[in-house]
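Visitor: Let me begin by handing over the structure; questions about it come next.
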Amino acid sequence: MFKDFSKDFWWGTASSGPQHEGAALEGGREPSIWDKYYEMSSERFFNEVGPQECGDFYHRFKEDLTIFKELGLTSYRTSIQWSRLLPFGTKTPNPDAVRFYNEVIDAMLELGITPFMNLHHFDMPWSHQEKGGWENRDTVKEFRYFAEQCFQLFGDRVEYWFTFNEPIVVPYIAYVGDHLYPNVMDMQRAMTVAYHTSLAHAEAMDAFRQGSYKGKAGIILNIAPSYPRSSNPEDVKAAHLADLFHNESFKEPVLKGTYSQELIKFMADHNMPLPILEGDDKIIAKGKVDILGVNYYAPQRVKVKDNLVNPKAPIRPGTFFDSYDMPGKKINPHRGWEIYPQGIYDCLIDIRDNYNNIETFISENGMGVENEEPFRNAQGFIEDSYRIDFIKDHLAQVHKAISEGCNCKGYHLWTFVDTWSWMNAYKNRYGYVELQLHNDKKRVIKKSGYWIKKVIEDSGFDYK
Ligand code: BG6
């Protein structure tokens with residue numbers, strides 16, 4: 001059956017400054033938390049390839065955008081690096097950064113590509129991290145200032161703004177996980193970081209509205225629907241808690257303008273009160289978004305804990321529930337993530353039914369695969385049929401959700417050209433376009449790139 005999408009559906013891709021720009025030491029940029037973490041712990045990064053080995057969008061954006069246009073894609077998300085625009089805590093925008101982002105935005109507009117600009121993609125400038133990063137409430141006003149600068153400098157042309165990409169990730173990986181500085185395993189500090197990030201988001205939304213800029217502003221959340229192992233009330237309770245920490249911690253403030261009372265109470269009941277000050281509710285209320293980006297990769301499957309917790313172990317979300325390894329689940333073995341296309345539908349239906357059917361788009365979805373070399377064909381390009389199948393299965397669910405009334409406007413694949421991906425560096429490739437890292441970073445369109453071009457031309461595709 002043909003899955004048809006509207007002519008104005010946003011066919012795009014997502015990327016980020018810290019993962020694709022490169023030129024980390026050029027143009028006056030200061031190191032971000034990732035550059036410093038690589039300096040401290042390079043062995044943690046796949047093949048010890050660090051953030052300075054990015055795809056060089058800084059010098060090659062015209063080439064990338066030309067290929068982007070050739071594939072018929074219409075909207076491109078990247079981010080403005082705080083560490084490039086306002087390095088070392090300066091209040092005066094770095095002229096080289098202003099030139100670079102102006103050139104990128106102008107090049108997109110000339111090609112008829114809509115820029116979607118995000119302001120924070122896990123990439124705290126080191127000078128702010130040294131002062132405590134998101135644990136320090138002063139960072140909230142610093143972020144508002146950065147956002148204001150971005151709106152003032154580029155708001156005459158950018159019409160889709162996003163304050164944060166996946167704001168729950170930094171609290172999780174750096175404060176209750178072991179994947180980023182400061183690796184502290186402390187749930188109270190993690191949720192303090194999350195809380196201050198909510199305030200920073202709301203301040204940036206307020207700055208956007210105060211400036212009466214054109215367009216829309218919102219946030220990008222990685223929503224992982226939380227499914228209990230069974231209908232046993234303890235499993236259901238466990239899944240609810242996983243949802244509260246991972247999803248509701250940001251969904252409620254950004255979609256309803258209130259901070260979850262349940263989360264506040266849970267943290268207080270466990271002697272980890274959140275650092276709430278009088279009047280914060282008024283700030284949070286300003287954070288209601290115009291548009292929500294939904295990043296969907298995999299669900300969380302959850303069960304009640306099998307074993308009692310070591311009382312000396314640090315408290316983490318996993319103190320309160322276990323992950324459930326469902327028999328028969330389909331897995332992407334390269335990334336270890338479950339493949340469950342219906343999850344994307346469940347996310348959209350939840351937003352339709354419980355969050356006023358706010359305007360959304362799929363801001364990330366994709367399949368990371370290690371070593372695509374065996375799939376290279378005689379013409380020299382990678383035949384990534386597995387990625388096409390993955391995208392089709394997810395788009396079919398998006399199509400179903402739209403046909404049932406969901407206000408979903410587009411689909412952005414992660415990513416356009418294979419990018420550097422945090423600890424995984426270049427292990428898993430996600431792009432419509434291959435990055436030949438050791439061949440002068442040459443870009444070569446994959447089969448999925450040619451496939452999406454046809455989908456866009458036809459405004460849809462045939463599906464089993
Ligand atoms: C998303 C992030 O969660 O997943 C991206 O926004 C990231 O920055 C992408 O690269 C894929 O995850 P990973 O860990 O395989 O790079």
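The values are calculated or read from the model by the stated rules, or taken from the named source; none is laboratory data. Bear in mind that the values here come from a model prediction, so they are computed numbers and not experimental data. All Cβ positions, even for glycine, are placed from backbone atoms using ideal geometry, and neighbour counts span all protein chains on display. What goes into the accessible areas is simple: the full protein's heavy atoms, side chains included, and nothing from ligands, DNA or RNA. Shrake-Rupley method; radii C 1.70, N 1.55, O 1.52, S 1.80 Å.
Visitor: Considering only the stretch 181-191, how many residues are surrounded by fewer than 23 Cβ atoms within 10 Å (Cβ to Cβ) and either touching a strand residue (DSSP E or B) at 6+ places or on another chain (Cβ under 7 Å) or outside any loop (DSSP other than H, G, I, E, B) (or both)?
Guide: Residues meeting the conditions: 3.
Visitor: Go through the stretch 434-449 and count every residue that is more than 16 Å from the ligand (Cβ to nearest atom) and out of contact with any Lys or Arg (no Cβ under 6 Å at 6 or more places or on another chain).
Guide: Count: 11.
Visitor: Considering every residue within the stretch 233-246, establish whether at least one is surrounded by fewer than 20 Cβ atoms within 10 Å (Cβ to Cβ), of a type in the set (Phe, Trp, Tyr) and modelled with pLDDT of 95 or more.
Guide: No, the stretch 233-246 has no match at all.
Visitor: So which of 351, 391 ends up being within 16 Å of the ligand (Cβ to nearest atom), open to solvent by less than 40 Å² (accessible area, probe 1.4 Å), in a helix (DSSP H, G or I) and among the hydrophobic types (A, V, I, L, M, F, W, C)?
Guide: None of the other options fit; the residue is 391.
Visitor: I've got another one for you. Could you say whether any residue in the stretch 124-131 is at pLDDT 95 or above and open to solvent by 40 Å² or more (accessible area, probe 1.4 Å)?
Guide: Yes, some residue in the stretch 124-131 is at pLDDT 95 or above and open to solvent by 40 Å² or more (accessible area, probe 1.4 Å).
Results for (1) away from the ligand (no atom under 16 Å from the Cβ); (2) among the aromatic types (Phe, Trp, Tyr); (3) under 22 Å from residue 72 (Cβ atoms); (4) in contact (Cβ under 8 Å) with a residue 12 or more places away in the chain, shown as yes or no for each residue.
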| position | (1), (2), (3), (4) |
| --- | --- |
| 401 | yes, no, no, yes |
| 421 | no, no, no, yes |
| 432 | no, yes, yes, yes |
| 451 | yes, yes, yes, yes |
| 456 | yes, no, yes, yes |
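Visitor: Right, another one. Name the residues in the stretch 297-326 that are open to solvent by less than 70 Å² (accessible area, probe 1.4 Å), in contact (Cβ under 8 Å) with a residue 60 or more places away in the chain and part of a loop (DSSP other than H, G, I, E, B), would you?
Guide: Within the stretch 297-326, 297, 298, 299, 304, 305, 314, 315, 320, 321, 324, 326 qualify.
Visitor: Do you know which residues across the stretch 146-188 are more than 22 Å from residue 360 (Cα to Cα) and touching a Lys or Arg at 6+ places or on another chain (Cβ under 7 Å)?
Guide: Result: 175, 176, 181, 185, 187.
Visitor: Given the conditions (1) at pLDDT 95 or above; (2) in contact with a Leu (Cβ under 8 Å, 6 or more places away or on another chain); (3) surrounded by fewer than 20 Cβ atoms within 10 Å (Cβ to Cβ), and given that residue 52 satisfies all but one, which numbered condition is not satisfied?
Guide: (1)
Visitor: Of the residues that sit in the stretch 16-31 and are touching a Lys or Arg at 6+ places or on another chain (Cβ under 9 Å) and over 23 Å from residue 416 (Cα atoms), which one is surrounded by the most Cβ atoms within 10 Å (Cβ to Cβ)?
Guide: 29
Visitor: Looking at the stretch 353-391 only, could you name the residues that are polar (S, T, N, Q) and farther than 19 Å from residue 293 by Cβ?
Guide: Answer for the stretch 353-391, where residues must be polar (S, T, N, Q) and farther than 19 Å from residue 293 by Cβ: 371, 377, 379, 385.
Visitor: Looking only at the stretch 32-43, decide whether some residue is within 27 Å of residue 91 (Cβ to Cβ), touching a Ser or Thr at 6+ places or on another chain (Cβ under 8 Å), modelled with pLDDT of 95 or more and buried (at least 22 other Cβ atoms within 10 Å of the Cβ).
Guide: Checked the stretch 32-43: at least one residue is within 27 Å of residue 91 (Cβ to Cβ), touching a Ser or Thr at 6+ places or on another chain (Cβ under 8 Å), modelled with pLDDT of 95 or more and buried (at least 22 other Cβ atoms within 10 Å of the Cβ).
Visitor: Considering only the stretch 2-18, state which residues are within 16 Å of the ligand (Cβ to nearest atom) and either farther than 16 Å from residue 101 by Cβ or basic (Lys, Arg) (or both).
Guide: Across the stretch 2-18, the qualifying residues are 12, 13, 14.
Visitor: Restricted to the stretch 327-348, and to residues that are assigned to a helix (DSSP H, G or I) and more than 16 Å from the ligand (Cβ to nearest atom), which residue is nearest to the chain's Cα centre (by Cα)?
Guide: Here the residue is 348.
Matching residues to (1) free of Cβ contacts under 8 Å to residues at least 12 places away in the same chain; (2) touching a strand residue (DSSP E or B) at 6+ places or on another chain (Cβ under 6 Å); (3) away from the ligand (no atom under 16 Å from the Cβ); (4) β-branched (Val, Ile, Thr):
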{"site": "197", "(1), (2), (3), (4)": "no, no, no, yes"}
{"site": "208", "(1), (2), (3), (4)": "no, yes, yes, no"}
{"site": "218", "(1), (2), (3), (4)": "no, yes, no, no"}
{"site": "231", "(1), (2), (3), (4)": "yes, no, yes, no"}
{"site": "241", "(1), (2), (3), (4)": "no, no, yes, no"}
{"site": "245", "(1), (2), (3), (4)": "no, no, yes, no"}
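Visitor: Can you tell me which of (1) small (Gly, Ala, Ser); (2) open to solvent by less than 20 Å² (accessible area, probe 1.4 Å); (3) more than 15 Å from the ligand (Cβ to nearest atom) is the one residue 366 doesn't meet?
Guide: Answer for residue 366: the failing condition is (3).
Visitor: Yes or no: the stretch 311-319 includes at least one residue that is out of contact with any strand residue (DSSP E or B) (no Cβ under 7 Å at 6 or more places or on another chain), more than 16 Å from the ligand (Cβ to nearest atom), among the aliphatic types (A, V, I, L, M) and more than 19 Å from residue 165 (Cβ to Cβ).
Guide: yes
Visitor: Sticking with this one: Can you name the residue in the stretch 403-419 that is part of a loop (DSSP other than H, G, I, E, B) and away from the ligand (no atom under 16 Å from the Cβ) and, of all such residues, is most open to solvent (accessible area, probe 1.4 Å)?
Guide: For the stretch 403-419, the residue satisfying everything is 404.
Visitor: Evaluate the following for residue 105: is it assigned to a helix (DSSP H, G or I), open to solvent by less than 10 Å² (accessible area, probe 1.4 Å), under 30 Å from residue 394 (Cα atoms) and in contact with a strand residue (DSSP E or B) (Cβ under 7 Å, 6 or more places away or on another chain)?
Guide: Considered against the rule, which asks whether it is assigned to a helix (DSSP H, G or I), open to solvent by less than 10 Å² (accessible area, probe 1.4 Å), under 30 Å from residue 394 (Cα atoms) and in contact with a strand residue (DSSP E or B) (Cβ under 7 Å, 6 or more places away or on another chain), residue 105 comes out as yes.
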